[in-house]
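Presented below is the structure to which this report refers.
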Amino acid sequence: MKKILIAGLVGGIILYIWGVLAWVLLPFHTSAMNSFTNEDAVVSSMSAGAPKKGVYFVPAQPPKAQTAETEAWMKKMEKGPTGMVVYDPAGMPPLMPVQMVIGFLNGVLGCILAAWFLSRSTAASGSYFGKVAFCGALGIFASLTSHVLAWNWMNYPLDWSSRMVADTVIGWTLAGLGIAKANAPERLGI
């Protein structure tokens, strides 16, 4: 169990460093982010039309039982525009320390889980690169079950989704370098 915790901590540190590089220092994600041409007007309209913190969809989907409204909504969807906004009228400070700590702890917990999964797999008794590939495959799994789903169902742009997939796979492969190194060559037990 101690080796799994150490592997998770090492992997979590690497995952966190990759996240800082990908989001802060490299133009990895910013090139897929767009700005409104008249942000003040959009914000004013959102403030008037969005009463509380939440996720807002355009066009808003009506209750399922209202057939006429559902047909009108379907026509609006086909015509466009469509959109989704994560909205908070109160705002927030950029890069809050609490967010940084939660992000780090989330990565460490994820890497502890990845190290435990690895310890239970046939890859645990394999080569160093096989263990790294196992962790990279977890990044692929995470991408398929989150970023690719959002691209498909929520109409996320392909440039955004592909960068998120790449970020996740690269991050988990890099974390795998540390997780695999911290694991003993033999199969780990709890």
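Taking the Cα centre of region 1-114 as origin and assigning +1 to Lys and Arg Cβ atoms and -1 to Asp and Glu Cβ atoms, the resulting dipole is close to 420 debye. Label positions at THR82 and GLU39, each projected 7 Å from the Cα along the C-beta direction, are separated by 2.7 nm. The listed residues ASP40, ASP167, ASP159 rank as ASP40, ASP159, ASP167 when sorted by accessible area, largest first, using a 1.4 Å probe. Couplings 3J(HN,Hα) of region 101-116, computed from phi: 5, 4, x, 5, 4, 4, x, 5, 4, x, 6, 4, 4, 4, 5, 5 Hz, in residue order, whole Hz [Karplus 6.51 cos²θ - 1.76 cosθ + 1.60, θ = phi - 60°; x for Gly and Pro]. Ligands, DNA and RNA excluded, the heavy atoms of SER44 present near 70 Å² of accessible surface to a 1.4 Å solvent probe. The lysines whose alpha-carbon is closer than 28 Å to the alpha-carbon of LYS53, local same-chain residues fewer than 8 away aside, are LYS64, LYS75, LYS76, LYS79.
With 0.36 nm allotted per residue and the present C-alpha distance subtracted, the LYS2-LEU26 stretch has 5.2 nm of extension available. The charge dipole of the chain, taken about the Cα centre with unit charges on the Cβ atoms of Lys, Arg (+1) and Asp, Glu (-1), comes to about 680 debye, rounded to the nearest 20. Solvent exposure of VAL55, expressed as accessible area, is near 80 Å², computed with a probe of 1.4 Å over the protein chains only. Over the Cα atoms of region 21-100, each weighted equally, I'd like the Debye log10 I(q)/I(0) at q = 0.20 Å⁻¹, rounded to two decimals. Listed by q, the Debye log ratios stand at -1.12. Restricted to Cα atoms, the chain shows a radius of gyration and a Dmax of 21.1, 64 angstrom.
Want the number for LYS52 to ALA166: 0.36 nm per residue separation, take away the alpha-carbon distance, what's left?
Length gained, LYS52 through ALA166: 37.7 nm.
At 0.36 nm per residue, minus the direct Cα-Cα distance, what do LEU113 and GLN61 gain on full extension? Give it in nm, one decimal, please.
15.0 nm
Spin-label pair SER121-ALA72: with each label point 7 Å from Cα along the Cα-Cβ axis, the two points sit 5.1 nm from one another. Each Cα pair under 8 Å and six or more residues apart adds its separation to the average, and for the chain the resulting relative contact order is 38 percent.
Rolling a 1.4 angstrom probe over the protein heavy atoms, how many square angstrom per residue are accessible across the chain? Please report the intermediate quantities before stating the final value.
On the way: 12440 Å² over 190 residues.
Per-residue accessible area for the chain comes out at 65 Å².
The residues packed around LEU9, meaning those with a beta-carbon under 14 Å from its beta-carbon, carry a net charge of +3 if Lys and Arg are +1 and Asp and Glu are -1.
Between GLY49, GLY103, MET84, whose Cα lies farthest towards the positive end of the dipole of the chain when Lys and Arg beta carbons carry +1 and Asp and Glu beta carbons carry -1, centred on the Cα centre? Positive-most Cα among the choices belongs to GLY103.
Surface composition of region 41-190: carbon and sulfur make up 70 percent of the accessible area, probe 1.4 Å.
The values are calculated or read from the model by the stated rules, or taken from the named source; none is laboratory data. None of the values given here were measured: they were computed from a predicted structure. A quick note on method: Cβ atoms are made from the backbone with ideal geometry, for glycine too, and the neighbour counts reach across all protein chains shown. Accessible surface is based on the protein model in full, side chains and every heavy atom, while ligands, DNA and RNA are left aside. Shrake-Rupley method; radii C 1.70, N 1.55, O 1.52, S 1.80 Å.
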